[in-house]
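> There's a structure below that I have some questions on.
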Amino acid sequence: NVMLVWQRTVFHFQPEKNWMNDPNGPLYHKGWYHIFYQWNPEGAAWGNKISWGHAVDSKDLLHWYHLPWAMYPDQPYDLNGVWTGSATTLPDGKLAMLYTGETEDELVQDQCLADPVNPTDPLLVDWVKYSVNPVIYPPPGIGVKDFRDPTTACRSPAGNDTRLITIGSKLGKTGISLVYETTNFTTFKLLYGVLHAVPGTGMWECVDLYPVSTKSVIVITQENGLDTSVHGLGVKHVLKTSFDDDKHDYYALGTYDLQADTFVPDDPDLDVGIGLRLDYGKYYAARTFYNQNKQRRILWGWIGETDLEAVDPMKGWASLQAIPRSIVFDKKTGTNVLQRPEEEVESWSTRSKTFHDISFEPGSVVPIHVTGATQLDITASFEVDETLLETTSESHDAGYDCSNSGGAGTRGSLGPFGLLVVADEKLSELTPVYLYVAKGGEGKAKAHLCTYQTRSSMASGVEKDVYGSAVPVLDGENYSARILTDHSIVESFAQAGRTSVRSRDYPTKDIYGAARSFFFNNATEASVRASLKAWQTKSFIRPYPFIPDPKS
Ligand code: DQQ
């Protein structure tokens, strides 16, 4: 089936075959990036033999080579699955990999340790589970199936080799994260209290806690990420948790008080689950690592399928990882992080098409003549005359919400405008990614980034949503968007990554050379001046299995 073959991505990370979910233990070691991931060796669906897949790349987080799986459920403490975990790089270059095992018959979730057999091997091909696993059992009062996904350890103020990790759980309907102290990764002490708790949020999976820099000084620029243990002046923390109940990743900015072992959000109204999401589309179980080579904190995240489950065995695979992106504090707003696809993505592109300062009238649709429109990297900026907000008859609209709007067909005086991607010539299928500028409080513009899937696919059984959220636009800024398309995925960012939306789209018409992209302005009153650059992205299909020669 040509259509199903065409849905496989060419520059997103995917195993050669079968089911994948969470990214696990990402790290940089002796010149190689490593990605491990939840993988089912038995087929393209979830199962009870979830293992750790493994791939490496020495260059740019794109040229991945698949390695043999790193761990398989073969011990009493993980017989039902080798689940999610994190890597800690120790000062002597050694690594400690903590993961959750689930015992046979889904009885208990426990935490286990694994080490590379040969830490001097840059490819870390062989892993050995610690002989007296598990290293942590669920403590009294915690549900034995509500205890998973240990984080990377950070140094504790207790000094010496003392380190802290946190593990997600719940108490009743309150999501919590427990804190443990260790010096050796084999024995752990549960600390009093919890790192953080938010009532009503349910089980917290895949907790991630890391520092971001609030300063622009020579050593720590805004573009720098921070190593997990950095604390002190000019540092804030991000607490991210994945909510099992609604399958979204929420985060808050705040302070990690290492003496009290607690996280305090900057703004209680923007606490985890109440405030911001890492993404407003299909995205889950994100995890960061510190790339000590480039001094960046890099975010991975799992993007599942939104077509019929029955199709996965026909494709032979399910899920992909989002493009890795650096994550930094947004110093301009002070209220959110910025996510930016790793800058190497730009060097993955070949031909490009540029438009400068073109004016598009209300109600226009204009083709962007770029070949290979199934795999594109588009950057666009838009100028809109906001004085229209004073003269328009449009009523004050404080409550615009992408998800409850009618999508790209709902017109206002200043929007929507944006791009139609993974479309065909006749526009029988199209995915609009757009900015909607509403009249917010005090007559000021309020922008939203949305992705509208209603017409994205003629295939049956595909989930179709209007995804999106508000995006802060500061005085003097143009509206801007970045969109990556790769066959069945569209990743969109607005305003340098303040808000982002990943969506799975399964076009049936745009296969081979038939894919098209268009600019559209569906505002009723505003013309939009747009500048745009659309790059065609290279394909990276790697043989499997392929064990590279580390010397080459
Ligand atoms: N997936 C893993 C768990 C984690 C969940 C199992 C999140 O460890 O809580 O595959 O997607």
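Read-outs throughout are calculated quantities, based only on the coordinates presented, and are distinct from any laboratory measurement. Owing to the predicted nature of the structure, the values given are computational and were not obtained by experimental measurement. Cβ placement follows ideal geometry from the backbone for every residue including glycine, while neighbour counts extend to all protein chains displayed.
> Treating cross-link reach as a plain straight distance, find the lysines whose alpha-carbon is under 17 Å from the alpha-carbon of residue 426, omitting any fewer than eight places away in the same chain.
In chain and number order, the partners are 509.
> Mind listing the phi-derived Karplus ³J(HN,Hα) values for segment 113-128, rounded to whole Hz, using 6.51, -1.76 and 1.60 with θ = phi - 60°, and x for any glycine or proline?
These are the phi-based 3J(HN,Hα) values: 10, 9, 10, x, 4, 10, x, 7, 6, x, 8, 6, 5, 9, 10, 10 Hz.
> Could you list 287, 296, 277 so that the one with the fewest beta carbons within 10 Å of its beta carbon is first and the one with the most is last?
Fewest to most other Cβ atoms nearby, the residues stand as 277, 296, 287.
> Quick one: which residues, 5+ away or cross-chain, put their amide H under 5 Å from the amide H of residue 212? H built at 1.01 Å from N.
It is 236, 237, 238, by chain and number.
> Follow-up question, since we're still on this one. What are the ³J(HN,Hα) couplings of segment 99-107, residue after residue, when phi is run through the Karplus curve with 6.51, -1.76, 1.60 and θ = phi - 60°? Round to Hz, x for glycine and proline.
Karplus-based 3J(HN,Hα) across segment 99-107 equals 8, 9, x, 10, 6, 3, 6, 6, 7 Hz.
> Mind checking which of 255, 337, 512 is farthest towards the positive end of the chain's charge dipole, using Cβ charges of +1 (Lys, Arg) and -1 (Asp, Glu) about the Cα centre?
Most positive-ward Cα: 512.
> Related question: Report relative contact order for the chain in percent, whole number only (criteria: Cα-Cα under 8 Å, sequence separation at least 6).
Over the chain, the number comes to 14 percent.
> Let me see the pair-distance distribution of the chain: every alpha carbon pair, 20 Å bin width, integer percents in order.
Each 20 Å bin holds this share of Cα pairs: 22, 55, 22, 1.
> DSSP loop trypsin sites (Lys or Arg not before Pro) in segment 127-173 with at most 16 other Cβ atoms within 10 Å of their Cβ, which ones?
Sparse-neighbourhood loop trypsin sites (Lys or Arg not before Pro): 145, 173.
> Moving on to the next point. Quote the relative contact order of segment 14-341 in percent (integer), defining contacts as alpha-carbon pairs under 8 Å separated by 6+ residues.
The value is 14 percent.
> If r is the Cβ-Cβ distance from residue 463 to residue 144 and R0 is 45 Å, what FRET efficiency results, to the nearest 0.05?
Result of the calculation: an efficiency of 0.85.
> Also, quick follow-up: Add -39500 (n - 2.57) for each DSSP H run of 4 or more in the chain, then divide by its residues: what number comes out at 222 nm, to the nearest 500 deg cm²/dmol?
-500 deg cm²/dmol
> Nearest 20 debye, what's the magnitude of the dipole of the chain about its Cα centre given +1 on Lys and Arg Cβ and -1 on Asp and Glu Cβ?
Approximately 940 debye in magnitude.
> Ratio of segment 350-537's C-alpha Rg to 2.2 N^0.38 Å, to two decimals?
Taking the Cα Rg and dividing by 2.2 N^0.38 Å, one obtains 0.96.
> Are any of the pairs 145/173; 189/240; 17/145; 173/282; 30/94; 247/439 more than 20 Å apart by Cα-Cα distance, and if so, which?
189/240; 17/145; 173/282; 247/439
> Grab the other residues whose beta carbon is less than 14 angstrom from that of residue 386, score K and R as +1, D and E as -1, and report the net.
My count for the surroundings of residue 386 gives -4.
> Which order results if 206, 112 are arranged by neighbouring Cβ count within 10 Å, fewest first?
Lowest count first: 112, 206.
> Now for a different question. How would 181, 309 line up from fewest to most surrounding beta-carbon atoms within 10 angstrom?
Ascending Cβ contact count within 10 Å gives the list 309, 181.
> First measure r as the distance between the Cβ atoms of residue 383 and residue 257, then evaluate 1/(1 + (r/R0)^6) with R0 = 45 Å and state the FRET efficiency to the nearest 0.05.
Here the calculated transfer efficiency is 0.55.
> How many percent of all Cα-Cα pairs in segment 14-341 sit more than 39 Å apart?
6
> Looking only at Cβ-Cβ distances, which cysteines of the chain have no other cysteine closer than 4.7 Å?
If one checks each Cβ against the other cysteines of the chain, 112, 154, 206 turn up with nothing under 4.7 Å.
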